[in-house]
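Working notes, structure below.
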Amino acid sequence: MSVIVCLDIGDSRIGIAFSNEDTGFVFPLKTYNRTKSIKADVRAIETEIIALSGTKVVIGEPVNSDNTQHDKNKEFAERLIRRCQSIDFVYFNEAFSTLEAEKELVFMDKSRTKRKQVIDQLAAVIILESYLSTCKKS
């Protein structure tokens with residue numbers, strides 16, 4: 001059974017979701033609140049991937065954003081990739097995933113506080129569902 005982990009990397013938080021590739025069901029795992037240490041953040045995410053027995057990691061890539069955010073995410077991802085060399089990594093367009101997650105949470109009538117707590121992991125779910133859907137079409 002292969003487990004795919006998805007990361008929605010942001011400046012303040014990282015949303016984490018996962019899926020059993022065989023079933024295609026996607027589940028939110030958690031929102032990791034970033035520290036001031038990229039090294040500590042990378043280690044924490046590596047621990048989450050290992051705990052899930054992840055065999056592949058999908059990293060949301062902010063294609064439509066400014067280069068600054070793209071570069072920050074790429075730096076974090078590259079550090080993580082160096083630490084987890086036995087795991088496959090793939091970048092996938094995360095365009096509008098946070099906006100879509102926000103709309104869904106508003107529709108569900110979640111308070112602003114609750115939305116902030118779960119929006120990143122819901123964005124990771126949306127990214128991973130989109131990735132899996134794309135893979136099925138190929």
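Failed condition for residue 128, given (1) in a helix (DSSP H, G or I); (2) out of contact with any helix residue (DSSP H, G or I) (no Cβ under 6 Å at 6 or more places or on another chain); (3) at pLDDT below 80; (4) not hydroxyl-bearing (Ser, Thr, Tyr), with all others met?
Result: residue 128 passes all but (3).
Please state which of the following conditions residue 11 fails to meet, knowing it meets all the rest: (1) among the charged types (D, E, K, R); (2) at pLDDT 90 or above; (3) outside any helix (DSSP H, G or I).
Of everything listed in (1) among the charged types (D, E, K, R); (2) at pLDDT 90 or above; (3) outside any helix (DSSP H, G or I), residue 11 misses just condition (2).
Quick one: is residue 61 among the charged types (D, E, K, R) and crowded, with 17+ Cβ neighbours inside 10 Å?
So residue 61 fits the description; yes.
Of all helices (runs of 4 or more DSSP H) completely enclosed by region 35-120, which ones contain at least 1 residues that are closer than 22 Å to residue 21 by Cβ and modelled with pLDDT of 80 or more?
Ranges flagged: 38-51, 67-83.
The values are calculated or read from the model by the stated rules, or taken from the named source; none is laboratory data. Because the structure is predicted, anything quoted here is derived from the model rather than measured. Note that each Cβ is placed from the backbone with ideal geometry, even for glycine, and that neighbours are counted across all protein chains shown.
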